[in-house]
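Enquirer: Before I ask anything, let me first share the structure, which is written out below as structure tokens.
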Protein chains: 2
Amino acid sequence: MKTVTGFASATIGNVACGFDVLGFAITEPGDEVILTQREKRTDLLPVSITSITGDGGALPRDPKKNTSSFVVLKFLEYIRTNKGIDFEGHIELQLKKNLPLSSGMGSSAASAAAALVAANELMGNPCSKMELVHFAIEGERVACGSAHADNAAPAMLGNFVLIRSYNPIDLITIPPPDNLFCTLAHPHIELRTAYARSVLPRTISLKTATEQWGNVGALISGLLTSDYELIGRSLVDAIAEPKRAPLIPGFYSVKNAALEAGALGCSIAGSGPSIFAFSSSYEAACEVGEAMKQAFSNIREKLQSDIWVSPVCKEGAKII
Amino acid sequence: MKTVTGFASATIGNVACGFDVLGFAITEPGDEVILTQREKRTDLLPVSITSITGDGGALPRDPKKNTSSFVVLKFLEYIRTNKGIDFEGHIELQLKKNLPLSSGMGSSAASAAAALVAANELMGNPCSKMELVHFAIEGERVACGSAHADNAAPAMLGNFVLIRSYNPIDLITIPPPDNLFCTLAHPHIELRTAYARSVLPRTISLKTATEQWGNVGALISGLLTSDYELIGRSLVDAIAEPKRAPLIPGFYSVKNAALEAGALGCSIAGSGPSIFAFSSSYEAACEVGEAMKQAFSNIREKLQSDIWVSPVCKEGAKII
């Protein structure tokens with residue numbers, strides 16, 4: 001019997017202007033996946049789920065439908081075909097969900113990435129993280145109907161990850177500036193990714209698109225040159241934010257509160273409802289967090305929220 | 001009597017994925033503007049055009065309609081209002097056009113930038129280049145009906161320039177990698193910017209836009225990290241190139257020839273008809289140039305072309 005625990009943290013996709021092409025990892029919170037190798041059981045798939053905690057019973061227990069087990073099944077298929085590793089045993093999977101579901105915090109991507117590094121370790125690390133990330137991206141299709149990579153890639157690789165192309169997958173890792181801190185505010189409501197995608201337009205004006213890619217280029221430049229003011233100015237989203245803001249009670253109040261408290265910029269985390277802000281010091285990011293929490297509680301709906309302050313995680317998914 | 005000569009070089013806008021937000025300067029060829037300060041003449045505007053060479057008589061001689069004199073008039077207005085400099089004399093302007101018109105080489109921007117640095121020098125340099133660039137951008141509206149900045153900004157500032165925002169103008173200078181060389185092929189046909197803009201779609205799909213901004217981000221990352229392969233992979237234009245390619249006889253033949261000769265990437269220079277390619281050495285860029293010239297001459301129209309091989313100019317407009 002061999003037991004391995006994988007961990008992957010929350011990630012924030014889109015990052016304002018970078019719809020579907022940019023995401024980054026924070027250091028906490030994160031999901032844990034514990035894999036235990038057992039004797040082969042011919043009556044079962046090679047992976048079974050023995051426990052899930054922290055999901056309130058919401059996630060599927062069927063190994064083909066749960067993201068964390070689905071990606072392990074795909075990984076086992078891959079190493080059999082491509083690495084000549086024919087796993088003869090059985091894997092029991094325990095998932096400790098610390099990330100809220102449908103939160104915009106990359107919950108499904110964290111479970112997938114944690115499961116994959118654990119499975120890879122169990123099999124003697126036949127795959128690089130860059131190979132594993134493909135299964136994590138496939139897991140997103142199971143979790144929310146769209147194989148977007150802007151959570152899965154940073155959950156696996158850490159840092160900021162830019163997705164230059166989906167076909168073929170071309171990922172560019174961008175290390176964060178030293179003093180960039182993220183404040184993440186998670187209001188106690190759920191917003192399903194599939195629904196938050198359905199409100200987006202199918203077409204946009206060339207003018208708006210041009211503004212957006214000016215900001216994407218500027219944000220990448222700001223990150224690579226540690227230009228905090230430029231990072232702040234580039235956190236503009238003319239496309240998804242205006243459509244998704246009405247789905248998040250108090251979005252503009254919270255954003256304004258973050259900016260007034262000194263944040264460099266602020267936008268929706270992934271498809272929401274969580275909201276992230278960047279600051280150029282830990283202390284500033286904490287003050288921004290207090291302002292965001294207060295703003296959520298001041299709206300008509302008096303939303304409770306959790307706040308996390310974190311640097312950008314450089315490590316990605318790991319064995320703990 | 002005081003005479004000053006300004007010089008600004010050719011620039012390449014769009015740079016594949018960066019429609020309207022990215023451009024860069026090369027070191028040659030360039031336009032020269034010679035300004036001579038004379039006694040005030042009350043019967044004339046403060047600027048008159050005494051000669052233009054190299055334009056085949058195509059450019060307007062009216063100081064309000066010619067880009068190079070128009071921007072000097074705007075500059076004089078600005079320094080009177082904002083710097084308290086009330087110029088009492090008269091400026092005679094000679095324009096030596098070395099850049100072909102309607103070539104996609106930033107011909108109007110070069111004339112404007114050269115005129116502005118010369119005028120600024122004549123007035124004792126009251127303005128920074130970042131101030132001057134605004135007049136150069138306004139000059140584009142006179143020249144081609146659209147105040148795009150992706151030629152004017154690099155003509156003035158050198159390097160790559162990313163335009164994060166047009167309102168307000170927010171320009172980010174990006175120094176080029178040391179070994180990046182540009183091959184520019186100018187076929188002997190004209191393509192008016194206004195017409196080349198008219199073939200573009202007003203709206204684009206969100207999917208295509210997303211692909212484009214993935215490439216913009218990746219190109220900026222490639223430039224800032226000297227990742228030549230990434231620069232090459234990012235030189236993809238899903239929006240303007242497919243629409244404008246049919247306006248340039250032999251475009252795809254020339255592009256393929258450049259890539260087969262080893263170019264990192266290749267696309268339309270500005271709105272065409274010139275075509276640029278990047279290479280990671282001077283020798284490679286020269287070979288690419290020969291292949292491009294040959295390809296133009298091999299098409300049915302047997303186009304003659306001029307070829308320039310140049311590093312990215314870091315200097316921008318200057319006094320010579």
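The values are calculated or read from the model by the stated rules, or taken from the named source; none is laboratory data. These numbers come from a predicted model, not from an experiment. A quick note on method: Cβ atoms are made from the backbone with ideal geometry, for glycine too, and the neighbour counts reach across all protein chains shown. Just the protein is used for accessible areas: all its heavy atoms, side chains included, with ligands, DNA and RNA removed. Shrake-Rupley method; radii C 1.70, N 1.55, O 1.52, S 1.80 Å.
Enquirer: Can you give the longest run of chain B that contains no GluC sites (Glu not before Pro) sitting in a DSSP loop with at most 16 other Cβ atoms inside 10 Å?
Expert: Counting at most 16 other Cβ atoms within 10 Å as exposed, the longest clean stretch of chain B is B:191-300.
Enquirer: Moving on to the next point. Could you go through the stretch A:157-170 in sequence order and give the Karplus-derived ³J(HN,Hα) for each residue, using 6.51 cos²θ - 1.76 cosθ + 1.60 with θ = phi - 60°, rounded to whole Hz, and x for Gly and Pro?
Expert: For the stretch A:157-170, the Karplus curve yields 9, x, 6, 7, 10, 9, 9, 5, 8, 8, 9, x, 4, 9 Hz.
Enquirer: What is the spread of the Cα atoms of the stretch B:4-145 along each of their three principal axes, largest first, in whole Å?
Expert: Sorted from largest, the Cα extents of the stretch B:4-145 read 47, 33, 26 Å.
Enquirer: By the scheme Lys and Arg +1, Asp and Glu -1, what is the net charge of all other residues having a beta-carbon under 11 Å from that of residue A:29?
Expert: -2
Enquirer: Where does chain A land on Rg(C-alpha)/(2.2 N^0.38 Å)?
Expert: Output field value: 0.98.
Enquirer: Starting at the first residue of the stretch A:67-81, write each ³J(HN,Hα) from the Karplus equation 6.51 cos²θ - 1.76 cosθ + 1.60 with θ = phi - 60°, in whole Hz, x for Gly and Pro.
Expert: For the stretch A:67-81, the Karplus curve yields 4, 5, 7, 4, 5, 5, 4, 5, 4, 5, 4, 5, 6, 5, 6 Hz.
Enquirer: Can you give me the C-alpha center-to-center distance between the stretch B:179-205 and the stretch B:104-170, rounded to a whole angstrom?
Expert: 19 Å
Enquirer: How large is the accessible surface of residue A:231 in square angstrom, using a 1.4 angstrom probe and rounding to the nearest 10?
Expert: Here the residue's solvent-accessible area equals roughly 0 Å².
Enquirer: Whole-Hz ³J(HN,Hα) for each residue in the stretch A:212-219, computed from phi via Karplus 6.51 cos²θ - 1.76 cosθ + 1.60 with θ = phi - 60°, x for glycine and proline: what do you get?
Expert: My calculation for the stretch A:212-219 gives 5, 6, x, 5, 4, x, 5, 5 Hz in order.
Enquirer: Farthest toward the dipole's positive end in chain B, which of B:187, B:169, B:130, given Cβ charges of +1 (Lys, Arg) and -1 (Asp, Glu) about the Cα centre?
Expert: Projecting each Cα onto the dipole axis, the largest value belongs to B:169.
Enquirer: Further, regarding this structure: What number, in percent, do you get for the relative contact order of chain A if the mean sequence gap of Cα pairs under 8 Å and at least 6 apart is divided by its residue count?
Expert: 25 percent.
Enquirer: Once Lys and Arg get +1 and Asp and Glu get -1 on their Cβ, which of B:288, B:218, B:242 lies farthest toward the positive end of the dipole of the stretch B:170-293?
Expert: It is B:242, whose Cα lies furthest towards the positive end.
Enquirer: Tell me the accessible surface of residue A:137 in square angstrom (1.4 angstrom probe, heavy atoms of protein chains only), to the nearest ten.
Expert: 10 Å²
Enquirer: If you add up the charges near residue A:185, with Lys and Arg at +1 and Asp and Glu at -1, over every other residue whose beta carbon is less than 9 angstrom from its beta carbon, what do you get?
Expert: 0
Enquirer: What do you get when you divide the Cα radius of gyration of the stretch B:30-107 by 2.2 N^0.38 Å, with N the number of residues?
Expert: Computed over Cα atoms of the stretch B:30-107, the ratio equals 1.16.
Enquirer: Let me ask you something else. With runs of 4+ DSSP H residues as the only contributors, calculate the mean residue ellipticity of chain B at 222 nm using -39,500 (n - 2.57) per run, divided by the residue total and rounded to the nearest 500.
Expert: Computed mean residue ellipticity for chain B: -11500 deg cm²/dmol.
Enquirer: In addition: Residue separation times 0.36 nm, minus the C-alpha to C-alpha distance between residue B:179 and residue B:146: what's the value?
Expert: 8.6 nm
Enquirer: Pairs of alpha-carbon atoms within less than 8 angstrom and 6+ residues apart define the contacts here; what relative contact order does the stretch A:181-311 have, in percent?
Expert: RCO, the stretch A:181-311: 39 percent.
Enquirer: Could you work out the local net charge near residue A:97, counting Lys and Arg as +1, Asp and Glu as -1, over the other residues with Cβ closer than 9 Å to its Cβ?
Expert: Neighbour charge sum, excluding residue A:97 itself: -2.
Enquirer: Within 10 Å, at most 16 other Cβ atoms, and a DSSP state outside H, G, I, E, B define an exposed site. Report the longest part of chain A free of exposed trypsin sites (Lys or Arg not before Pro).
Expert: Between exposed loop sites, the widest span is A:66-191.
Enquirer: Take A:150, B:227 and sort them by solvent-accessible surface of the protein heavy atoms, 1.4 Å probe, largest at the top.
Expert: From most accessible down to least: B:227, A:150.
Enquirer: Only Cα pairs within less than 10 Å get springs; with that Gaussian network setup on chain A, which residue of A:289, A:56, A:18 has the largest fluctuation?
Expert: Looking only at A:289, A:56, A:18, the biggest GNM fluctuation is shown by A:56.
Enquirer: Can you tell me the dipole magnitude for the stretch A:215-299 around its Cα centre, using point charges on the Cβ only (Lys, Arg +1; Asp, Glu -1), in Debye to the nearest 20?
Expert: Using only the charged Cβ atoms, the result is roughly 340 debye.
Enquirer: Follow-up. Could you size up the charge dipole of chain A around its Cα centre, putting +1 on the beta carbon of Lys and Arg and -1 on that of Asp and Glu, and report it in debye to the nearest 20?
Expert: 760 debye
Enquirer: Turning to a different aspect of this structure: Could you list log10 I(q)/I(0) for the stretch A:65-186 at q = 0.11, 0.17, 0.22 Å⁻¹, which the Debye formula gives when each Cα is one point scatterer?
Expert: -0.38, -0.88, -1.33
Enquirer: Could I ask something else about it? Just reorder B:275, B:85 by solvent-accessible area, largest first, 1.4 Å probe, all chains present.
Expert: Per-residue accessible area, sorted high to low, gives B:85, B:275.
Enquirer: Where does each of A:81, B:50, A:183 land when they are ordered by accessible area, with a 1.4 Å probe and the largest first?
Expert: A:81, B:50, A:183
Enquirer: Another one. Mean 1/r over all different Cα pairs, inverted: what Kirkwood radius does the protein assembly as shown give, in Å?
Expert: 26.4 Å
Enquirer: Still on this structure, please answer the following. In whole Å, what are the extents of the stretch B:181-311 along the principal axes defined by its C-alpha atoms, from largest to smallest?
Expert: Sorted largest first, the three principal extents are 39, 35, 20 Å.
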